[in-house]
Amino acid sequence: MILKDYLMKMKIGLPKTIVHLDKNVYEVGSVINGTIEIHGGFMKNKIKRYDIDLISIDTNTLIEETINTHSVFCSLECSPNQTGIITFIINVPENVRELSNSFQYSLTINMDLGNSNSITQSLPIMIERAS
């Protein structure tokens, strides 16, 4: 096995991602605007697909439900020591369950690299009813 293959298998030197959102609190029916900042790893990689999921979690039953999803198939080069930015939007649906203390929400970003590796990041977000 080549050193490069070993490092990739151990997930060493993969690109790093930072997700930036436009607000801290979102209203039902609003749009989440964000960017994914990608810092290249040790080796050249290619992003084949990225998924953005808005997830609700019932803290009483620990059941997760995807309430909105956005997938993009692409072929983005991720070179070492370079930074790239992907912008995205995802809607907060009108039919989000009644908000109570038992529901939490998160935005999960998953980037699929062509070498059977992936990068996943999850951010908690706040959703409230419009007043």
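Numbers for the structure displayed
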| item | result |
| --- | --- |
| Total residues in the range 70-93, condition open to solvent by 80 Å² or more (accessible area, probe 1.4 Å) and either at pLDDT 85 or above or among the aliphatic types (A, V, I, L, M) (or both) | 7 |
| Members of the range 32-69 found to be open to solvent by less than 50 Å² (accessible area, probe 1.4 Å), assigned to a strand (DSSP E or B) and touching a Pro at 6+ places or on another chain (Cβ under 7 Å), listed by number | I38, N45, I67, N68 |
| Residue within the range 115-123 that is assigned to a loop (DSSP other than H, G, I, E, B), at negative phi and either in contact with a strand residue (DSSP E or B) (Cβ under 9 Å, 6 or more places away or on another chain) or open to solvent by 100 Å² or more (accessible area, probe 1.4 Å) (or both) present | yes |
| Residue under evaluation K23, criteria (1) surrounded by fewer than 15 Cβ atoms within 10 Å (Cβ to Cβ); (2) assigned to a strand (DSSP E or B); (3) charged (D, E, K, R), criterion not met | (2) |
| Check on G29, open to solvent by less than 80 Å² (accessible area, probe 1.4 Å), closer than 22 Å to I119 by Cβ and modelled with pLDDT under 95 | no |
| Any chance G34 is among the small types (G, A, S), modelled with pLDDT under 80 and out of contact with any helix residue (DSSP H, G or I) (no Cβ under 8 Å at 6 or more places or on another chain) | no |
| Some residue of the range 106-124 being more than 23 Å from P15 (Cα to Cα) and either at pLDDT 90 or above or touching a helix residue (DSSP H, G or I) at 6+ places or on another chain (Cβ under 6 Å) (or both) | no |
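The values are calculated or read from the model by the stated rules, or taken from the named source; none is laboratory data. It should be emphasised that the depicted structure is a prediction, and the values quoted were computed from it without experimental measurement. Every residue, glycine among them, receives a Cβ derived from its backbone with ideal geometry; neighbour counts consider all protein chains shown. Note: areas computed on protein heavy atoms with side chains; ligands, DNA, RNA excluded. Shrake-Rupley method; radii C 1.70, N 1.55, O 1.52, S 1.80 Å.
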